[in-house]
Every structure is written in C-alpha cells, then in structure tokens.
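What follows is a single structure, written as structure tokens, with notes after it.
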Amino acid sequence: MSKLFLSCDEASHVCDKAQYNESTFWERLKFRVHILFCNLCKQHSITNSKLTETMNKSKIVCLDSKSKSEMKKCLEKEMKSQDANH
Ligand SMILES: [Zn+2]
C-alpha cells in the first residue's frame, strides 16, 4: 500500500474488486489516479461498470458465459458509437 502508481494488472484487479464493493477507499483512489493517464484501464472500468449496471437493472441472476460475452460485445459496440459522437 505504499506506492501511488498501480500497474495495469493491479489496476484491473482493483477495478474488479470495486465491482463487488471489496476495494478500500485508498485502492479506489489509486485506481482513479491510474485511469487519469491510462486509457486502456479507463475503458476497462467503464465497460465493467456498464456491464454490472445492465445486469443489476435486468436482474439477471444467472447468465451463461456465452450470453455474458455477447452482452459485453454489445456494450462495447454501443460505447464505440458514443465515442464517435463526441
Ligand atoms: Zn492501466
């Protein structure tokens, strides 16, 4: 917990933990610092939270991995078209 800058591996780990509310305040802070300069992890975080949000909204309790990856693909496509509009 001493360094401020996370590697991409660590950042994605924190991102996954944050999804389940298992990350600490300090971890989330470091993650936010990381995504300030790392677009890849920023994108990963957006995709992750969108996916969680969508699954919570639709109250899907059990999805097989095929539907999950299809949903993710669909969201990524949607976000790409949003980027194009900027
Ligand atoms: Zn990164």
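Can you work out which of the residues in the range 2-13 that are touching a Lys or Arg at 6+ places or on another chain (Cβ under 9 Å) and either in contact (Cβ under 8 Å) with a residue 60 or more places away in the chain or more than 10 Å from Ser45 (Cα to Cα) (or both) is least open to solvent (accessible area, probe 1.4 Å)?
If we take residues in the range 2-13 being touching a Lys or Arg at 6+ places or on another chain (Cβ under 9 Å) and either in contact (Cβ under 8 Å) with a residue 60 or more places away in the chain or more than 10 Å from Ser45 (Cα to Cα) (or both), then Leu6 is least open to solvent (accessible area, probe 1.4 Å).
Filter the range 22-50 down to the residues that are more than 9 Å from the ligand (Cβ to nearest atom) and among the charged types (D, E, K, R) and list them by number.
Glu22, Glu27, Arg28, Lys30, Arg32, Lys50
Return the residue satisfying two criteria in turn: it lies in the range 14-38 and is under 21 Å from Leu51 (Cα atoms) and polar (S, T, N, Q), and of such residues it is most open to solvent (accessible area, probe 1.4 Å).
Filtering first and then ranking leaves Asn21.
Sort through Glu27, Glu22, Glu53 and tell me the only one that's more than 22 Å from Lys80 (Cβ to Cβ) and free of Cβ contacts under 8 Å to residues at least 12 places away in the same chain.
Glu22
The values are calculated or read from the model by the stated rules, or taken from the named source; none is laboratory data. Predicted model, so just to flag it, every value in this text is computed and none were measured. Quick reminder, even Gly has a Cβ in these numbers, built from the backbone with ideal geometry, and neighbours come from all protein chains shown. All accessible areas refer to the heavy atoms of the entire protein, side chains included, with ligands and DNA or RNA removed. Shrake-Rupley method; radii C 1.70, N 1.55, O 1.52, S 1.80 Å.
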